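Student: Here it is: the structure, laid out below.
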Amino acid sequence: MSEDLLEVADRVVAQARAGEQVEAVVVRGTDTEIKVYGAEVESLSSAQSQGVGIRVVVDGRQGFAYAGSLDESVIAETLAEARDNAGFATHDEFLGLAEPDGVPVQELDLFRDALESFGPEDKVALAVEVERAVLAADPRITGIESAEYMDGLSEAAVATTTGIRSVGRETSCYVATYAMAGEGGDTQTGFGFSVGREPGELDPGKAAADAADRATRMLGARKPPTSRLTIVLDPWVTAQFVGLLGYTLNGDAVLKGRSLFAERLGEGVASPLVTLIDDPTDVRAYSATDTDGEGLATRRNVLVREGVLERFVHNAYTARRAGTVSTGNAVRGFKSTPSVDCLFLTLQPGPTPPADLIADVDDGILVLDVSGLHSGVNPVSGDLSTGAEGIRIRGGQLAEPVREFTVASTLQKMLHDVRAVGSDLEFLPMNAAGVTLVVDDVTVSGS
Amino acid sequence: MLEEVLGAALRTGGEFAEVFAEDRRSSSAVLDDGRVEELTSGRDRGAGIRVVVGDTTGFAHTADLTEDGLLAAAEAAAAAAKGGGGGTNTVALTRRNGNRGYAIETYPGDVPKARKVELLTRADEVARSVGDAISQVSVSYGDNRRRILVANSDGLLAEDDTVRTFFAVSCVASGDTGMQTGRESVGLTVGFELFDLYDIDELARRAADRALTKLAARPAPSGQMPVVIASGGGGVLFHEACGHGLEADLVSKGASVFRDRVGQRVASPGVTVVDDGTMAKEWGNIAIDDEGNPAQRNVLIEDGILTDYMWDQLRARKEGRPSSGNGRRQSYQHLPMVRMTNTYLLAGTDDPDDIVASTEKGVLVKHLGGGQVNTATGDFVFGMTEAYLIEGGQVTEPLREGNLIGNGPEVLQRIDALGDDFAMGPPGTCGKDGQGVPVGDGVPTLRVSSLTIGGTAA
């Protein structure tokens, strides 16, 4: 159990001097990563790691230090460093640790004993099964770039002089593969994965079938002509865009003048079809968590309701500075102080299945994957341009595959151009769920 | 003790065993919104042990550097690799350290924290003084000292002590057209003398200017046209267009468009691409790689002909050839793989001004953002964070941000001008398979005759 981590955190907090606020975050994780190739284990890594992060706030100044060790002498040195660092920061009246806010922590089913009793041979077998299935899925599959199994068991404890004492643990695992398909000198790739809290929830067949399908359906893809048209986003792509949107709604970006939506609470910022919810208490989410990085209970927050901006997300500091309360959105590892971000975003699904949405598009592109989101989307200006690949839609029918083009718009404009939200909802290995999304008037740049 | 640990790692029949020990101390400081938010100190220390049996690698790591801790990790790695044989293995180690060829002048750990904070506040003041439209500034400072020791069952024992120092300024400018951002960064494999080599005021001004310029920018065009990349704007184009595709681990799985192409023309005549870990002081500089092999200067493409891939120990061993010194890892918690160091394109002979003047309609990219590549198809993207329209051979209006997209083998053949003005670009972090390592890149002014610009304008 993770109680020993809380004891370590308590011991750090007990060393606080008069006038000092001290917070300790203590984490421990066990991770296994297995890669297979040619039905053999290519690599098998298994290791336990741990760390401590210590934050000291004194006279409105904050200092921080961390170490990848729970050795008592290292922890003592880390506390001394954090204390020393605090002396060099600028005074800020809003600085301070989180305080208990009375919001009860929901018990989420995030930890499964089944993972611990699942042996290395069984893990290898799952990865081998994925590779075998993807190679057998289609004669045009020429090989794999990777087939892997990964799992992790992580525990974290947070304690503060302000009365926070939180502890949590969770398990997760996945299988994933990246396949190559070839035909007539053309090579295309596709990925597939399956995610769960325990190995019994994994579906290697689905991971393999998705990878093979994504790779083979792109064979023969050409560059499309440049035009403005309607795009239909695959749930995988929608989730990545929604994740970016999360940045613009975080309290830190809002307070520091880096959010497009800073002055727009209560205003219409999107099509009325758009309802955006951050809900890390949804146990189906890969990023579900019952407490945030400062030890407060996480909660469901509606950020945009039917196109109207309702709420930003906050941690203890940004909330205090904005004159509100934390929404339980502190995000951190042990190597940093808490930032603020959305934890699990979902676009509320609409009534129409994806196939019907595609049938309703006369001239468009189904976008199956995007690349270069980090270099092509500026969440401060809203300028958006990403590499893409997918399938042309003509007269409501899926037509030829297309690649090596970009889709461009702005975040502001895209939100208003949402024509439909699909009824499908996919849980993906990221902090946002996916749903099919139809967006009008996007520039496709190709030949 | 290392000999005993390696012996234990081989006890179950492993053919190759390695201990990689690392001690990293880092410090950083951030100023944002006019306040020094915090200073952070970090310490990571541990060892990773790998055992190779046939095509299988077993790996374990530990933060416990005592003999007991290392032996336990060695046994875990050996069990993961699961060899069939057994017996006693003795390993005799010979020390072979890398030579960096220059010394660190001022260790950042010896510099008072107050001095680091002064740099932050200075850069903030300068950036804000550039124009009233500068509405937000953040400045970050970082340094780290990474000591590594590598010992393996081939008898190698090598150590390195690497210091890197980094500084970045990010600005937001606000106007009638909304907000725009500008960022500048410098980073070298040196100590605090970084600030003797670079002028922080100049850096802050350039970041602010970049944000201000873009307030007046028009949407980037869409469609294909010639693209001029400015000298030192960033070699991320080559990092993505061919660098990753020349990594032997991807090549060996057939996951590269450059497989089976050694000896063939893959780029325009005059194009010579080099990966060079020995480049003094550059961000991707290493004395030895993370497998203990000395850094090398490796010519990958010479005058348009593909000459070689980049290699790590594992892949090279299989092929019966030496490693090229490109085995790198993020930390002791990670397995090494083939990675770039400083990747650059050698200068040509063209006058940079003539390259622009001879371009009728196109885009000049002065500063590049990050990129991404699919090595199996060769399709890659990279961002433009400062770009201008070229009309009638003249640089005219600034453009808003966007990605450019191309196909590596096609783009390399479309380089039709190479300037005589080579310069290295800003420091980068290259991500592969979840691991980030510091890399450098550089280019002279060059032109690609046709690339797809991912804008919204006609």
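Student: Restricted to segment A:173-188, and to residues that are within 10 Å of chain B (Cβ to nearest Cβ) and in contact with a strand residue (DSSP E or B) (Cβ under 7 Å, 6 or more places away or on another chain), which residue is surrounded by the most Cβ atoms within 10 Å (Cβ to Cβ)?
Tutor: A:179
Student: Among the residues of segment B:232-247, how many are modelled with pLDDT of 95 or more and either more than 17 Å from the chain's Cα centre (by Cα) or of a type in the set (Asp, Glu) (or both)?
Tutor: 1
Student: Give me the residue from segment A:67-121 that is part of a helix (DSSP H, G or I) and more than 13 Å from chain B (Cβ to nearest Cβ) and, out of that set, farthest from residue B:118 (Cα to Cα).
Tutor: Only one residue fits best here, namely A:114.
Student: Kindly list the number of the only condition in (1) closer than 18 Å to residue A:345 by Cβ; (2) crowded, with 23+ Cβ neighbours inside 10 Å that fails for residue A:405.
Tutor: (1)
Student: Can you list residue pairs whose Cβ atoms sit under 6 Å apart, with the first residue in segment A:35-47 being within 7 Å of another protein chain (Cβ to nearest Cβ) and the second being of a type in the set (S, T, N, Q)? Count only pairs 6 or more apart in sequence or on different chains.
Tutor: A:41/B:56; A:43/B:57; A:46/A:32
Student: If you scan segment A:208-231, which residues turn out to be among the polar types (S, T, N, Q) and over 22 Å from residue A:438 (Cα atoms)?
Tutor: A:216, the sole residue that qualifies.
Student: Hey, can you tell me all the residues within segment A:156-212 that are outside any strand (DSSP E or B) and closer than 22 Å to residue A:29 by Cβ?
Tutor: Result: A:164, A:197, A:198, A:199, A:200, A:201, A:202.
Student: Further question: Looking only at residues that are at the interface with chain B (Cβ under 7 Å from one of its Cβ atoms) and of a type outside the set (A, V, I, L, M, F, W, C) in segment A:354-381, which one is surrounded by the fewest Cβ atoms within 10 Å (Cβ to Cβ)? Can you show your working first?
Tutor: So the first thing to find is which residues in segment A:354-381 are at the interface with chain B (Cβ under 7 Å from one of its Cβ atoms), and the list is A:371-372, A:374-376, A:378, A:380-381.
Now narrow it down to the ones that are of a type outside the set (A, V, I, L, M, F, W, C): A:371-372, A:374-376, A:378, A:381.
Details: A:371: 21, A:372: 27, A:374: 15, A:375: 26, A:376: 30, A:378: 23, A:381: 25.
Per the stated criteria, the residue is A:374.
Student: Taking into account only those residues within segment B:161-185 that are small (Gly, Ala, Ser) and within 28 Å of residue B:331 (Cβ to Cβ), which is nearest to the other protein chains (Cβ to nearest Cβ)?
Tutor: Among residues in segment B:161-185 that are small (Gly, Ala, Ser) and within 28 Å of residue B:331 (Cβ to Cβ), the one nearest to the other protein chains (Cβ to nearest Cβ) is B:170.
Student: Applying the selection to segment B:408-426, what residues are in contact with a Gly (Cβ under 7 Å, 6 or more places away or on another chain), modelled with pLDDT of 95 or more and crowded, with 22+ Cβ neighbours inside 10 Å?
Tutor: Residues satisfying the conditions are B:418, B:419.
Student: Kindly establish whether residue A:151 is touching a Cys at 6+ places or on another chain (Cβ under 6 Å) and away from every other protein chain (no Cβ under 14 Å).
Tutor: yes
Student: A further question follows. State the number of residues belonging to segment B:34-68 that are surrounded by fewer than 20 Cβ atoms within 10 Å (Cβ to Cβ), touching a residue at least 12 places away in the same chain (Cβ under 8 Å) and more than 7 Å from chain A (Cβ to nearest Cβ).
Tutor: 5
Student: For segment A:312-326, which positions are in contact (Cβ under 8 Å) with a residue 60 or more places away in the chain and farther than 30 Å from residue B:43 by Cα?
Tutor: Within segment A:312-326, A:312, A:313, A:319, A:320, A:321, A:322, A:325, A:326 qualify.
Student: Sticking with this structure for a sec: Consider residue B:315 against the criteria (1) touching a Cys at 6+ places or on another chain (Cβ under 9 Å); (2) not in a loop (DSSP other than H, G, I, E, B): it satisfies all of them except one. Which criterion is unmet?
Tutor: Evaluating residue B:315 over (1) touching a Cys at 6+ places or on another chain (Cβ under 9 Å); (2) not in a loop (DSSP other than H, G, I, E, B) leaves (1) as the failure.
Student: For segment B:338-368, which positions are surrounded by fewer than 23 Cβ atoms within 10 Å (Cβ to Cβ) and either within 14 Å of chain A (Cβ to nearest Cβ) or assigned to a helix (DSSP H, G or I) (or both)?
Tutor: If the condition is that a residue be surrounded by fewer than 23 Cβ atoms within 10 Å (Cβ to Cβ) and either within 14 Å of chain A (Cβ to nearest Cβ) or assigned to a helix (DSSP H, G or I) (or both), then B:352, B:353, B:354, B:356, B:357, B:367 are the ones that fit.
Student: Same structure, new question: Taking residue B:99 and the conditions (1) more than 10 Å from chain A (Cβ to nearest Cβ); (2) surrounded by 17 or more Cβ atoms within 10 Å (Cβ to Cβ); (3) within 30 Å of residue B:197 (Cα to Cα), which numbered condition does it fall short on, given that it satisfies the others?
Tutor: Here residue B:99 meets the rest and fails (2).
Student: Suppose we filter B:114, B:173 for residues that are assigned by TED's automatic domain parsing to the domain that holds residue B:93, modelled with pLDDT of 95 or more, more than 27 Å from the chain's Cα centre (by Cα) and buried (at least 18 other Cβ atoms within 10 Å of the Cβ); which single one remains?
Tutor: B:173
Student: I'm trying to understand the selection: among the residues of segment B:370-407, which are within 11 Å of chain A (Cβ to nearest Cβ) and not in a strand (DSSP E or B)?
Tutor: Residues satisfying the conditions are B:374, B:375, B:376, B:377, B:378, B:400, B:401.
Student: From the set of residues in segment B:1-18 that are small (Gly, Ala, Ser) and not in a helix (DSSP H, G or I), which is modelled with the lowest pLDDT?
Tutor: Narrowing segment B:1-18 to residues small (Gly, Ala, Ser): B:7-9, B:13-14, B:17.
From what's left, not in a helix (DSSP H, G or I): B:13-14, B:17.
Values: B:13: 81, B:14: 85, B:17: 92.
By that ranking, first place goes to B:13.
Student: Name the residues in segment B:276-290 that are charged (D, E, K, R) and touching a Phe, Trp or Tyr at 6+ places or on another chain (Cβ under 8 Å), would you?
Tutor: Of the residues in segment B:276-290, the ones charged (D, E, K, R) are B:276, B:281-282, B:289-290.
Correct list: B:276, B:281, B:290.
The values are calculated or read from the model by the stated rules, or taken from the named source; none is laboratory data. Since the model is a prediction, treat every value here as computed from it, not as a measurement. Note: ideal-geometry Cβ built from the backbone for every residue, glycine included; neighbour counts use all protein chains shown.
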